[in-house]
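See below for the structure under consideration.
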Amino acid sequence: MDTVAKRLKDFGAFWYDFVVGDDWRVAVVVLLALLATFGLSKTSVAAWWLMPAAVAVILPVSLWRARKR
């Protein structure tokens, strides 16, 4: 049973590292943008523009923060 628990823990750690990566703020912004895009898609407002706008905002912020370190 130890090996199953270890494999599950390793699997979860991989996905956490893959999704969150170096900056958890980027992951949060992407998640919020995905949720907002989903919400907009349920209305009559076009939703295609929200993800590119979120990336256009968070990418320079993330690069600035990485360079500052």
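Only the coordinates and a few stated rules stand behind these numbers; no lab work does. Values in this document were obtained by computation on a predicted structure and should not be read as measured data.
Observations, loosely collected:
- Each 10 Å bin from zero holds the following percent of Cα-Cα pairs in the chain: 18, 34, 26, 17, 5, 0.
- When the helices of the chain are scored as -39500 (n - 2.57) per DSSP H run of n ≥ 4 and the total is divided over every residue, the value at 222 nm lands at -27500 deg cm²/dmol.
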